[in-house]
Every structure is written in structure tokens, then in C-alpha cells.
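Just so it is clear, none of the values below were taken in a lab; they were calculated from the coordinates. Just so you know, these numbers come straight off a predicted model, no measurement behind them. Backbone-built Cβ (ideal geometry, glycine too); neighbour counts: all protein chains shown.
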Amino acid sequence: MEIKVGTSGYSFDDWRLNFYPAAIAKGKMLDFYQNHFNTVEINSTYYRIPHPAIMQNIVQKTKPPFEFTVKANQNLTHERREIEAPARDFVEAIKPMVDRGQMKGVLAQFPWSFKFSGAHLAYLSRCRELIQPYPLFVEFRHDSWLRRETYAAMRRDQIGFVSVDGPRLAGLPPPELIATTDTAYIRLHGRNADHWWGGGPLRYDYLYNDDELRQWKEKIERLKGEVTKTYIFFNNCHLGQAVKNAREMMRMLDL
């Protein structure tokens, strides 16, 4: 099983001195990042679908085996109205990464309000169609999706289930590792329960301890033989804590 560990985004001002040199230019952050990690989630695409030239500029800063996953635009996951044209624009935007063989999946993160229903299950199939032929990974923020019907439908449509680690709050998914394709996908958001519902950067202000990381290590090791690849992305990005935890996880996994 191939395992790749990275962070959810890389271009953060508060990572200066916590990871990046103090005077580093934003345009040089990815150059520095790839010396430490071999994968990253691009999250800026959630807010705005970029011109393909922007993605071309990003991917040209790297070379294989560095890999990207790219977050779907909010039109697909949160607005969910008139999605066809924005989906086409999104697919066009990621083409430079696809052409270089470094785009490995699209992450669709749905909101807590997107709860399990037959209509919502059908919507996932529609998303799968619009993102074809690229791998699609879906993250649910509501625990109503953790059921056999969900897993069966995702396996049928070849949609990857995103396993999450977050605060232990009512309605949020528990930290279970589930794979519905041959690639497992894990996102660790931190467990800051006090600030979770308020949003903002403090939502992701959390540093995992060794015991918490070791629990995920054991779950990942149990997947051997079931999947061929596992992505682990740390989203506890406040003050560069994601970097510290990603490095610790890599050490635990002997990567």
C-alpha cells in the first residue's frame, strides 16, 4: 500500500517561522513545501474556479512523484444550482495538472446541512458524471451518511469515501476509516470543539498528540491488502500545526 501524507493547502502567512522562512514570498512557498512533502490538497478552488494558466503555474513548480488533489468549487457542494457550466469550467481549470499526470483526485466536501436522503444520494451520482473521468472523493460533515446504503452506492459509482477526524460533537462523523474504492482518503481537521461551530481559523487550531496519531496509524495499517493507496491530509492548519502533525505521522509510518 502506497501512503502519501500532506496538508490541506500550503500558502499560509501564519506558517512563516512555523514552517517557512520569515521572508519567503508566497510564490516560493510551494517550492519549499515540496522538499518536505510529496502531495498537497489545493483548497483555493473551493472559493473561485481559477483560469487554467494559474493551475499551470502551480503544477510547473513541481515534478513527479509530487501529486495534487483539488477541492471542488462551492457551486457543486454547497450551492448545488446550475452546476453543469461551473463543473465544465472546473474540469478545464485542472487540465494542466491532469496533462502532467499529477492530478490524482477531486475532493467534494459537503456541508453539515447536506444530510442523507435518496435525492442527495442521487446528487452524488450526478457529481460523479460531471467530474468523469477523474477520481472523486466525497467528504460528509453529517453522520447520517455512515450507513450501508451510502457505501454500496459509492462503491457502485466508484466514489471514494473521505474518512475524517474532528471534534466529538453530536451529528459529526466519528473517526472511522472507510474505503469505497482502491484508494483511501483521510482528512484530519483537529478536535477543537469549542470553536467548531463558530467557524473561522480557530476551528482548525488543534495539535494532535502522539496517542491520537497512533490510533490513526493502527487503522491505516489494518487497511493493508484492502486498498492500494492512502492519502492523509492534515487540515489543522492554524499556525502550521498541520505541518508538525504530518511530519510526525510520516515518522510513525516510516515514510
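A compact table of results
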| quantity | calculated |
| --- | --- |
| The chain, helix-only ellipticity at 222 nm - DSSP H runs n ≥ 4, -39,500 (n - 2.57), divided by all residues, nearest 500 | -9000 deg cm²/dmol |
| Inter-label distance, nm, simple model (7 Å from Cα along the C-beta direction), Glu79/Asp14 | 2.8 nm |
| Cα-based shape type of region 72-158, given that a ≥ b ≥ c are square roots of the gyration tensor eigenvalues and the cut on a/c is 1.5 | prolate |
| Per-residue Cβ neighbour rank within 10 angstrom, fewest leading, Lys26, Lys4 | Lys26, Lys4 |
| Shape category assigned to region 101-255 from the gyration tensor of Cα positions, a/c cut at 1.5 | oblate |
| Over 25 Å between alpha carbons, listed pairs Lys95/Lys244; Lys61/Lys104; Lys63/Lys224; Lys95/Lys217; Lys28/Lys63 | Lys95/Lys244; Lys63/Lys224; Lys95/Lys217 |
| Simple Cβ-charge dipole of region 2-252, Lys/Arg +1 and Asp/Glu -1, about Cα centre, in debye nearest 20 | 220 debye |
| Peptide ranges 150-161, 117-128 listed from the most packed, as the mean C-beta count within 10 angstrom indicates | 150-161, 117-128 |
| GNM flexibility winner over the chain from Asp99, Asp143, Asp205 (Cα, springs under 10 Å) | Asp99 |
| Mean separation of Cα contacts under 8 Å (6+ apart) over length of the chain, as relative contact order % | 20 percent |
| For the chain, with +1 on Lys and Arg beta carbons and -1 on Asp and Glu, the positive-most of Gln158, Met1, Asn35 along the dipole | Gln158 |
| Rh (Kirkwood; distinct C-alpha pairs) - region 75-123, Å | 12.5 Å |
| In region 164-255, chymotrypsin sites (Phe, Trp or Tyr not before Pro) in a DSSP loop with at most 14 other beta-carbon atoms within 10 Å | Trp197 |
| Contour excess over end-to-end distance, with Cα ends at Asp194 and Ser125 and 0.36 nm allotted per residue | 21.4 nm |
| Total formal charge among the other residues, if their Cβ is under 13 angstrom from that of Lys217, Lys/Arg +1 and Asp/Glu -1 | -3 |
